[in-house]
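Have a look at the structure below, then the notes.
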Amino acid sequence: MYKVGGVAGVTGTLGLISASVLAADDKPRTTLSVDELSLYTTPQQKIQYVEPEKGSVEEGVSTLRKLAEPYTTWCQGVYGTVKPKVDSTVQFGQNSYAYLKNPPPEFYPRAGIIGFAGILGLFLGRGSRLKRLIYPTGLMAVGTSMYYPQEAVTIAKKTGDSIYDLALQAYVTVEKLIKDKPASNKSQQKDQAETSSSGETKA
């Protein structure tokens, strides 16, 4: 009983589908405009965008942005220059931590001798502050250069270059000051001579 009803329903549905397809193909197509579809015609609207007036909050925010813009660009520049240095420092710290976590067997005796050289420098540098600064650093540098000669050579080269550059800049600055001083003295002498000559003519 169910089978017969299902077959009849399927054939009836197929008959409707085919009939609707034939009916759609038989009629000619006509196009209608939008005005023909509705009973009322809509008037043409002239829309014009009006920019809203700025409130006091918006003006305050815009002036604050204008005032803060140079500082933000400066901060971005500083961030761009500082970030690589911070990254290299962090990398150096991580490398040092990894090195100290698994040090070579001769590391601790070398570190003990270098530390002892620094303590000996503090003992020998009693008296003046300059000796306290020079003796420990000098003795530690000598002890370090004995155990790490390649690193000591590269550090000495970099330090020598930086000291040479600083000495050259100091020399140029002192030379400019010396050259500018006589010129200012001559101009002062000319001004004094002019004032004295004008005073004599008035008398």
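The values are calculated or read from the model by the stated rules, or taken from the named source; none is laboratory data. In this text, all values refer to a predicted model and were calculated from it rather than measured experimentally. Cβ atoms come from the backbone with ideal geometry, glycine included; neighbour counts cover every protein chain shown. All accessible areas refer to the heavy atoms of the entire protein, side chains included, with ligands and DNA or RNA removed. Shrake-Rupley method; radii C 1.70, N 1.55, O 1.52, S 1.80 Å.
Numbers for the structure displayed
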read-out	value
Filter result for residue 97 (out of contact with any Cys (no Cβ under 7 Å at 6 or more places or on another chain), closer than 30 Å to residue 138 by Cα, open to solvent by 90 Å² or more (accessible area, probe 1.4 Å) and in a helix (DSSP H, G or I))	yes
Whichever residue in segment 138-162 is open to solvent by 80 Å² or more (accessible area, probe 1.4 Å) and of a type outside the set (A, V, I, L, M) and, among such residues, is farthest from residue 114 (Cα to Cα)	161
All positions within segment 112-137 that are in a loop (DSSP other than H, G, I, E, B) and open to solvent by 60 Å² or more (accessible area, probe 1.4 Å)	126, 127
Checking residue 165 against (1) touching a Phe, Trp or Tyr at 6+ places or on another chain (Cβ under 9 Å); (2) charged (D, E, K, R); (3) modelled with pLDDT of 90 or more, the condition it does not meet	(1)
Residue 31, sole failed condition from (1) at pLDDT below 90; (2) β-branched (Val, Ile, Thr); (3) open to solvent by less than 100 Å² (accessible area, probe 1.4 Å)	(3)
